[in-house]
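Read-outs throughout are calculated quantities, based only on the coordinates presented, and are distinct from any laboratory measurement. Remember, predicted model here, so these are calculated numbers, not experimental data. Glycine also receives a Cβ, built like all others from the backbone with ideal geometry; neighbour counts cover every protein chain displayed.
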Amino acid sequence: MYTLDVSGKTGVVFGVTNQRSIGWAIAEKLAGAGARLAFSYQGERLKGTLEKLTAGLQDPLLLQCDVTRDAELDAVFEALSREFGTLDFLVHAVAFAPPATFERPFYEVSREDWTTALDVSAYSLVAAARRAQPLMQRGGSIVTLSYLAAERVVPHYNMMGVAKAALEASVRFLAYDLGPQGVRVNAISAGPLRTVAARSISGFSSMFEVAGKLSMLKRNITQEEVAGLALALLADDLGGGVTGETIYVDAGYHAMGMFLEAPGQE
Ligand code: NAP
């Protein structure tokens, strides 16, 4: 049997709110394979939950960070440099767009909401990667989370679709810049999952239901399935040749060109 062993390696996970967070599912897999992990939390409100969630892990490091604040990002990477010395994995599972952007037609998006969505959901990857780079001198792997609306219209997703398009393009440019250093950068485009972030998207229940009914596998995906691919992409043993890529974990939904209401009726 093949067992993945990343003991002795370190990683940081941005974006764990609770046990349903995609970031947490990835953290559990990484920790299970032996990695020592740090987690960032946006505000004090979440620290208690994160402390409870990570209590069983090997000496976890919890660091406060609002990803829109350069000084807080600097503090996180200074702490990682001090505590870990080197960094092998970075998981970016952070996104936000103001609720109005999901509720109103896309053309009504304000300059301010556009900027916020791009800043939190796309620029934060670049800002984190830039600070991780000096700690990844022995190579490393960065994984972020995207969604189908980066390249197709999904009603309501609106501004976040634009932000995810910027995120996926950023993955490619970062992968090019960091490739010579042996640092790989990839995105996983996940199907709908019931998380706190998803709850703030108006129309999410329909997205979830339609994906479950019409995907090739005729079901929704799970956090564990996304985490499984993330682990493969993070670990050089498995995903060592993959970089600059966006890979779908959506039960095949993205590849459909026509949907039959009742499968089998042609
Ligand atoms: P989640 O548990 O709510 O995670 C989103 C995280 O982003 C939260 O921890 C949130 O922190 C954090 N965040 C938002 N603004 C931040 C800021 N300014 N600074 C630092 N952290 C901030 O939801 P999730 O679904 O697992 O989301 C993780 C990633 O997966 C996101 O990029 C999302 O777009 C992507 N994704 C999700 C789905 C889905 O259906 N759920 C599908 C495809 C892709 P707070 O809780 O403190 O706000």
From V171, V196, which residue is β-branched (V, I, T), in contact (Cβ under 8 Å) with a residue 12 or more places away in the chain, within 16 Å of the ligand (Cβ to nearest atom) and surrounded by 15 or more Cβ atoms within 10 Å (Cβ to Cβ)?
V171
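Yes/no per residue for (1) over 17 Å from the mean Cα position of the chain (by Cα); (2) among the aliphatic types (A, V, I, L, M):
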| position | (1), (2) |
| --- | --- |
| T3 | yes, no |
| N18 | no, no |
| W24 | no, no |
| A38 | no, yes |
| Y41 | no, no |
| D70 | yes, no |
| E83 | yes, no |
| L87 | yes, yes |
| P99 | yes, no |
Output for region 139-150, where each listed residue is within 13 Å of the ligand (Cβ to nearest atom) and assigned to a loop (DSSP other than H, G, I, E, B)
Y147
Is it the case that A122 is among the aliphatic types (A, V, I, L, M), in contact with a Leu (Cβ under 9 Å, 6 or more places away or on another chain) and assigned to a helix (DSSP H, G or I)?
yes
